[in-house]
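Below: the structure, in structure tokens.
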Amino acid sequence: MVTPCLFAFRDDLMQRNQLFYKTLDSTFMELERLHSMTPRSSFVIRASSQTSGIGRKQNFWASPEGGLWYSFDLRYSGAVESFALYVGVCVHKVLIELFQSHMQATRIKWPNDIYFSNRKLAGILTRYYHSRNLYLIGLGMNVNNQIIKDRDLSAISLQEILGEEISLNWLSNAIMDKVTSSTDDLKDPRSYLSYCEENLYGLGRRCCVEQGETRIEGRIKGLGRSGNLVLEDEQELSYGSLSILE
């Protein structure tokens, strides 16, 4: 395990141990390691950079300095199928509340990304441990990090959108507060799923969803009651990698 190099303290209000690392393989993997050793504790893990950031389907997520790379836990009794979309709604709301008119092109991409004008701004990773009533939440967001145009054509940073640097502490606290203070919405997912559908990336457009070797094409109609992606032919998809065709 890598030793946190800047600070480690107990937040009495949130009852979480907050750990900051200069470099880490993955904040999400570190959160898993810590919970395997001290399952009753709570943590917030942040890193300046990650060497093995985890994206969808275990893909590598570039995580240079300047980005927001962090993971935290949430105690909640009951697995919610659309939990990743719930976190996405919380992230979307924070961005709109903090930066208002600058973020009007921000959309929630099913099943767990945040996009701005067809470019990826953030990715979300969640995992639920039923025996512990525990969610692990990982968030990677391009904030102040440089986007390499020749390599990251589909990515965008918050600094590029706003034209100025953003406090990572301020932003990470705002997002975590929204996620942890809005859990009443999880009792009736329709409340946040309707918001998600209104701000759904690719709504009304033709798409392709890859499920392993299977490719499913159709036009996005909206979301089902459990957060499934609904196509115009009423087909519902519970998982897959989404790309927009037109």
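Checked against the criterion of being in contact (Cβ under 8 Å) with a residue 40 or more places away in the chain, of a type outside the set (Phe, Trp, Tyr), open to solvent by less than 10 Å² (accessible area, probe 1.4 Å) and within 20 Å of TRP170 (Cβ to Cβ), the candidates GLY67, GLY53 yield just one match: GLY67. Take the conditions (1) surrounded by 15 or more Cβ atoms within 10 Å (Cβ to Cβ); (2) over 18 Å from the mean Cα position of the chain (by Cα); (3) on the phi > 0 side of the Ramachandran plot; (4) not in a strand (DSSP E or B); LEU203 misses just one of them, which is (3). Evaluation of ASN144 against the conditions (1) open to solvent by 70 Å² or more (accessible area, probe 1.4 Å); (2) in contact (Cβ under 8 Å) with a residue 12 or more places away in the chain shows that the sole unmet condition is (1).
Being touching a residue at least 12 places away in the same chain (Cβ under 8 Å) and in a helix (DSSP H, G or I) is the filter; apply it to the range 158-169 and report the residue that is surrounded by the most Cβ atoms within 10 Å (Cβ to Cβ). First the steps, then the outcome.
Of the range 158-169, the ones touching a residue at least 12 places away in the same chain (Cβ under 8 Å) are 158-162, 165-166, 168.
Within this subset, residues satisfying the condition of being in a helix (DSSP H, G or I) are 158-162, 168.
Working: LEU158: 25, GLN159: 18, GLU160: 17, ILE161: 20, LEU162: 14, LEU168: 18.
Filtering the range 158-169 for residues that are touching a residue at least 12 places away in the same chain (Cβ under 8 Å) and in a helix (DSSP H, G or I), the one surrounded by the most Cβ atoms within 10 Å (Cβ to Cβ) comes out as LEU158.
Among the residues of the range 15-32, those that are closer than 14 Å to ILE137 by Cα and either surrounded by fewer than 19 Cβ atoms within 10 Å (Cβ to Cβ) or over 20 Å from the mean Cα position of the chain (by Cα) (or both) comprise MET29, GLU32. Number of residues in the range 207-246 that are part of a strand (DSSP E or B), polar (S, T, N, Q) and more than 20 Å from the chain's Cα centre (by Cα) equals 2.
Only one of SER48, SER41 is outside any strand (DSSP E or B), of a type in the set (S, T, N, Q) and modelled with pLDDT of 90 or more; which?
SER41
Screening ALA62 with (1) modelled with pLDDT of 95 or more; (2) buried (at least 16 other Cβ atoms within 10 Å of the Cβ); (3) in contact with a Lys or Arg (Cβ under 9 Å, 6 or more places away or on another chain) gives one miss only, at (1).
Quick grid of which residues meet (1) modelled with pLDDT of 95 or more; (2) under 26 Å from THR183 (Cβ atoms):
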position	(1), (2)
VAL91	yes, yes
ILE96	yes, yes
ALA105	yes, no
LEU125	yes, yes
ARG132	no, yes
TYR135	yes, yes
MET141	yes, yes
ASP150	no, no
LEU158	yes, yes
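Against the condition assigned to a helix (DSSP H, G or I), out of contact with any Pro (no Cβ under 9 Å at 6 or more places or on another chain) and crowded, with 16+ Cβ neighbours inside 10 Å, how does SER172 come out, does it pass? Considered against the rule, which asks whether it is assigned to a helix (DSSP H, G or I), out of contact with any Pro (no Cβ under 9 Å at 6 or more places or on another chain) and crowded, with 16+ Cβ neighbours inside 10 Å, SER172 comes out as yes.
Looking at the range 76-85, can you tell me whether even one residue there is farther than 22 Å from GLY204 by Cβ, modelled with pLDDT of 95 or more and touching a Gly at 6+ places or on another chain (Cβ under 6 Å)? The answer is yes; a qualifying residue exists. For the range 177-193, the count of residues that are charged (D, E, K, R), touching a Gly at 6+ places or on another chain (Cβ under 6 Å) and open to solvent by 30 Å² or more (accessible area, probe 1.4 Å) is zero.
The values are calculated or read from the model by the stated rules, or taken from the named source; none is laboratory data. Remember, it's a predicted structure, so these values are computed and weren't measured experimentally. Glycine gets a Cβ as well: all are built from the backbone with ideal geometry, and neighbour counts include every protein chain shown. Only protein heavy atoms, including side chains, enter the accessible area calculation; ligands, DNA and RNA are left aside. Shrake-Rupley method; radii C 1.70, N 1.55, O 1.52, S 1.80 Å.
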